[in-house]
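S.K.: Take a look at this one; I'll ask things after.
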Amino acid sequence: MMPTDSVDLLEQATAAFADRLAAVTPDQWDQPSSCDGWTVRDLVGHVLGGNAMAVALLHGASADDAMVFLAGLPVEDDATAQFEANAAAQLDAFRADGASERICHHPMGDMPGAQVAGFRIGDLTLHTWDLAHSTGGDETLPAELVDRVWADLQPMAPMIGAIGLFGEGPSGTVADDAPLQTRLLDLAGRRP
């Protein structure tokens, strides 16, 4: 079973994204998102794909099989219901006995389920902000999630811009005493 704090944070990240998703209006789906080159629909499809990839990995998928989810999933007419089912499957997979220790064949290399959970917490948290920012929603992220994602990403600050997952990485213009959410967003290539 996954450590309780990781499951709790994953539940919290899932709920935060679901809240912002429920506020998306029909006219916002095809507008640009804050993720370069993606529409709001593309952003949601990416999150759906990430959740589905985690489930597949925890059920023994190969890295090649998992790669198909990187392109995202098509967003259905009732995206809220689709996300609820997709996210529930992910939570169930992480709650299963042995999920934390199970070696997953992630496209980035073999890693334990606990590390995949960290990726999902980070992805959901950052994309909650992206979705809110793109649609005029509440951009405030839960403090516990900000703390966890900061702790995971901050050690990679010197190389984060080169990874390719976070735009240009940190701008170098945010003060060390700025709110942690502001520092996290900047570290992750977001320019609020």
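The values are calculated or read from the model by the stated rules, or taken from the named source; none is laboratory data. It should be emphasised that the depicted structure is a prediction, and the values quoted were computed from it without experimental measurement. Note: ideal-geometry Cβ built from the backbone for every residue, glycine included; neighbour counts use all protein chains shown.
S.K.: Could you tell me whether D77 is surrounded by fewer than 16 Cβ atoms within 10 Å (Cβ to Cβ) and in a strand (DSSP E or B)?
M.R.: On the way: surrounded by fewer than 16 Cβ atoms within 10 Å (Cβ to Cβ): yes; in a strand (DSSP E or B): no.
In short, no.
S.K.: While we're here: Can you name every one of the helices (runs of 4 or more DSSP H) wholly within segment 125-192 that holds 1 or more residues which are surrounded by fewer than 16 Cβ atoms within 10 Å (Cβ to Cβ), at pLDDT 95 or above and touching a Leu at 6+ places or on another chain (Cβ under 7 Å)?
M.R.: On the way: elements: 143-153, 160-163, 180-187.
It comes to 143-153.
S.K.: To continue, here is another question. Condition first: within 19 Å of V7 (Cβ to Cβ), touching a helix residue (DSSP H, G or I) at 6+ places or on another chain (Cβ under 6 Å) and not in a helix (DSSP H, G or I). Now tell me which residues in segment 80-105 satisfy that.
M.R.: Scanning segment 80-105 gives A99, S100, R102, C104.
S.K.: Mind checking whether some residue in segment 64-85 is farther than 30 Å from T25 by Cα and touching a Gly at 6+ places or on another chain (Cβ under 6 Å)?
M.R.: no
S.K.: Okay, next question. Report yes if G60 is at positive phi, surrounded by 15 or more Cβ atoms within 10 Å (Cβ to Cβ) and modelled with pLDDT of 95 or more, otherwise no. Walk me through how you get there before you give the answer.
M.R.: Details: at positive phi: yes; surrounded by 15 or more Cβ atoms within 10 Å (Cβ to Cβ): no; modelled with pLDDT of 95 or more: yes.
When the stated conditions are applied, G60 does not pass them.
S.K.: Does segment 91-100 include one or more residues that are closer than 30 Å to R191 by Cα and in contact with a Ser or Thr (Cβ under 9 Å, 6 or more places away or on another chain)?
M.R.: Restricting attention to segment 91-100, the residues satisfying the condition of being closer than 30 Å to R191 by Cα are none.
Checking segment 91-100: not a single residue is closer than 30 Å to R191 by Cα and in contact with a Ser or Thr (Cβ under 9 Å, 6 or more places away or on another chain).
S.K.: Tally the residues that are under 16 Å from the mean Cα position of the chain (by Cα) and part of a helix (DSSP H, G or I), restricting the search to segment 25-55.
M.R.: 16
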